[in-house]
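Quick notes on the structure that follows.
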Amino acid sequence: MAIQPLADPAISPEHIYLFHEGNLHHSYRILGAQPTIEDHRQGYRFTVWAPNAKEVGLALDRNDWKGEQEPLYKIPDSGFWTRFFPEISEGTLYKFRILAEDGTELLKADPYAFHAEVRPRTASITSSIQGYKWNDGAWRRKQRAIYNKPLHIYEMHIGTWKRKEDGSLYSYREIADLLVPYLLEMKYTHVEMMPLSEHPYDLSWGYQSTGFFAPTSRFGGPQDLMYLVDTLHQAGIGVLLDWVPAHFAKDAHGLRLFDGTPLFEYADPLLAEKPGWGTLSFDYSKPEVRSFLISNALYWMDMYHFDGLRVDAVTSMLRLDFEKHPGQFRPNTDGGLENQEAVAFLQQLNETIFKYYPYALMMAEESSAWPMVTSPTDVGGLGFNYKWNMGWMNDTLDYMKSDFHERPSKHHLLTFPVVYSFSENYVLPLSHDEVVHGKKSLLDKMPGSYEQKFDGMRAFLGYFMTFPGKKLLFMGGEFGQFIEWKDEDQLDWFLLDYDSHRKLHKFERDLSALYLGEKALWELDHSLDGYEWITPDDHAQSVISYVRKGKKPADTLLVLINFQPVKRERYRIGVMRPGMYTEVLNSDHPDYGGSGILNDMQMTTEKIPFHGHPHSLEVVLPPLSVVILKKNTRRKTDGTATEVASVRPKSIKTTEQTTAKPKRGKKA
């Protein structure tokens, strides 16, 4: 098959100028191993930036990895080395042999390689990433801003989501056939994949990369990943990629001391070293590094059609003292602790991404109180359109893992996050980081008995899905993975054979359906107009209640959550609008594993002033539960109210009618 050039691969004076200015936004079309035709001959042109090298050669199997036999030619005053090899075909293993100024010989993988060997082997592989026939045009044409739309993200690690019976990995194509129907069943709008750039160590989860342009070969080749993204898009599911511009691995074949000098990393060890992670920071002061990283971000969107990036470890980029002790860092030239070069890089990154992809999702994992992360760059912001709400996550999980008797004194952990929930455009993250390293799974964080853990988990998920902000849930949380994420094995899917886990799974599915169908849960996510407290201060009973609003009053929802294993009879709340209300979701439904303490499907307000409103409503709150109500607004011709849509199963009896306690599921 004839190789297909990505672009004109010969590097021009304009390319060189833009690269050194930090503005060669598509450098991946020029650098690395580019399939091309020159002088009527097919082959590959190899181009590499190694300004401090004495010699650069192409190391191959055929020359016994002696790259001096296949030299590249230096372009004067440019820092680039290049050469066309007509005899090289697709699938050839190669590295660059670099002779440093001090005489050291280095064998380096290509920083721009599109494909690499399966670990532990480390050679780059010539590959054409052109020629895949995409079928996701309808998906890409309909992209719009997500701010007033539902966004429910399923975070996954491809290698441990599911594995074959013999423990081997599914390919990108095989995963597509399993993943698409599952995400559709569970009503997720997007999937976020943990890093897929090539990395040598499985247990780094992809966060310590050596091949930034090479999708990991653990699961197949570049076009196999394209097939996965394409299949998801055709099913109406967005695809996000966890992207890591904060650091890179120190492995000898990688970017470290690439031409014998600190080329991609800072020359100053106090700036370069990330001692807690054993990695090196990129030198954001170098325009060439900015060209490399911004091109890489665009590459995943251009060639693989990812809809956006979750940018990892932003705080570690912004803070010179991040996880460092005195003596391991120095202040900036103004005496501050901000990495001003990283700030400028992130602003340039976001400006460039939105120039090419106006509706991209650019999400910052930023764990400090850095201001204006999601504000435009022209007013001093970083320019992201979303930030992970780490404050909400930390406070909420601190509360949820607390014993029941401690919860009244920690009630502020539920109320304080509302104070800042509209200061940025937030995603609520229940990510992989919260279920590893001794932190326990989400289910096992819940206090109490086996049954109470499931009750508490449903209440927690209800709180998560009704609190302002978009949603992200790590795989396994949806069915109650009981032990921590096992990063060397698949999820415990066998748990779905047990009633408690299967019913929790159904609850998550129904909760997702409710979320998608109710505009109040996402239409005004980033405005205080979409939220109002009813009961913020009932710390004695560990109950909170609030209103979620859409643009139309008819879309309003009332949310009540009981965080104690005690039934609250006749719990009264004030309501703005009198009339009949429907219970649209109750986590204590037996179908979800609850005990069946439900409210009448139709409840009528009373003219009893409460919570500053002239009318109020009495509700029964089951132990450890979330109850969601919606007002009936339409009238039949006979004057009676119609029922609003409810995800609550229709066949269940009301509280007064239910007497027999259902059987609990078996313990796993």
*Which of the following residues is in contact with a Leu (Cβ under 7 Å, 6 or more places away or on another chain) and assigned to a loop (DSSP other than H, G, I, E, B): 130, 143?*
130
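Check 112, 73, 44 and return the single one that is touching a strand residue (DSSP E or B) at 6+ places or on another chain (Cβ under 9 Å), over 21 Å from residue 289 (Cα atoms), of a type in the set (Phe, Trp, Tyr) and in contact (Cβ under 8 Å) with a residue 40 or more places away in the chain.
Working: 112 fails: over 21 Å from residue 289 (Cα atoms); 73 fails: in contact (Cβ under 8 Å) with a residue 40 or more places away in the chain.
Answer to the check: 44.
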_Any pair with Cβ under 8 angstrom, 6 or more apart, that starts in segment 127-148 at a residue that is in contact (Cβ under 8 Å) with a residue 40 or more places away in the chain and ends at one that is assigned to a loop (DSSP other than H, G, I, E, B) and of a type in the set (D, E, K, R)_ = 127/90; 128/90; 143/307; 147/525; 148/523; 148/525
*Return only the number of the condition from (1) surrounded by fewer than 24 Cβ atoms within 10 Å (Cβ to Cβ); (2) more than 23 Å from residue 126 (Cβ to Cβ) that residue 219 does not satisfy.*
(2)
*Being among the small types (Gly, Ala, Ser), free of Cβ contacts under 8 Å to residues at least 12 places away in the same chain, within 23 Å of residue 285 (Cα to Cα) and not in a helix (DSSP H, G or I) narrows it down to one of 327, 383, so name that one.*
327
*asked:* Looking at residue 533 and the list (1) over 23 Å from the mean Cα position of the chain (by Cα); (2) buried (at least 20 other Cβ atoms within 10 Å of the Cβ); (3) aromatic (Phe, Trp, Tyr), which single condition is not satisfied?
replied: (2)
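When you check residue 600 against the structure, is it part of a loop (DSSP other than H, G, I, E, B) and modelled with pLDDT under 95, yes or no? Please lay out each step first, then the result.
Values: part of a loop (DSSP other than H, G, I, E, B): yes; modelled with pLDDT under 95: yes.
So residue 600 passes the test.
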*Filtered residues of segment 90-109 (kept if in contact with a Lys or Arg (Cβ under 7 Å, 6 or more places away or on another chain) and part of a loop (DSSP other than H, G, I, E, B))*: 101, 109
_Hits in segment 48-70 (condition: polar (S, T, N, Q) and either touching a residue at least 40 places away in the same chain (Cβ under 8 Å) or farther than 27 Å from residue 101 by Cα (or both))_ = 52
*With (1) surrounded by 18 or more Cβ atoms within 10 Å (Cβ to Cβ); (2) on the phi < 0 side of the Ramachandran plot; (3) in contact with a strand residue (DSSP E or B) (Cβ under 9 Å, 6 or more places away or on another chain) as the list, and residue 567 as the residue in question, which single condition is left unmet?*
(1)
*Restrict the check to segment 154-175 and report whether at least one residue is assigned by TED's automatic domain parsing to the domain that holds residue 356, at pLDDT 95 or above, surrounded by 14 or more Cβ atoms within 10 Å (Cβ to Cβ) and of a type in the set (S, T, N, Q).*
yes
*Could you check, for segment 510-517, whether at least one of its residues is out of contact with any strand residue (DSSP E or B) (no Cβ under 8 Å at 6 or more places or on another chain) and closer than 22 Å to residue 154 by Cβ?*
yes
*Residues of segment 553-609 satisfying the condition of being of a type in the set (Ser, Thr, Tyr) and more than 26 Å from residue 479 (Cβ to Cβ)*: 556, 571, 581, 582, 604, 605
*What is the number of the single condition among (1) part of a strand (DSSP E or B); (2) closer than 19 Å to residue 301 by Cβ that residue 154 does not meet?*
(2)
*asked:* part of a loop (DSSP other than H, G, I, E, B) and either modelled with pLDDT of 95 or more or in contact with a His (Cβ under 8 Å, 6 or more places away or on another chain) (or both): which single residue out of 24, 18, 58 fits that description?
replied: 24
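Please work out if residue 596 is over 30 Å from residue 401 (Cβ atoms) and under 37 Å from the mean Cα position of the chain (by Cα). Write out each step before concluding.
Numbers: over 30 Å from residue 401 (Cβ atoms): no; under 37 Å from the mean Cα position of the chain (by Cα): yes.
No, not satisfied.
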*Which of the residues that make up segment 228-246 are in contact with a helix residue (DSSP H, G or I) (Cβ under 7 Å, 6 or more places away or on another chain) and surrounded by 20 or more Cβ atoms within 10 Å (Cβ to Cβ)?*
228, 229, 231, 232, 233, 237, 239, 241, 243, 245, 246
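Among the residues of segment 72-89, count how many are in a loop (DSSP other than H, G, I, E, B), at negative phi and surrounded by 16 or more Cβ atoms within 10 Å (Cβ to Cβ).
Here is the first cut: in segment 72-89, the residues in a loop (DSSP other than H, G, I, E, B) are 72, 76-79, 86-89.
Still in the running and at negative phi: 72, 76, 78, 86-89.
Imposing the further condition that a residue be surrounded by 16 or more Cβ atoms within 10 Å (Cβ to Cβ) reduces the set to 72, 78, 88.
So the count comes out to 3.
The values are calculated or read from the model by the stated rules, or taken from the named source; none is laboratory data. Please read these numbers as outputs of a predicted model, since none were measured by experiment. Backbone-built Cβ (ideal geometry, glycine too); neighbour counts: all protein chains shown.
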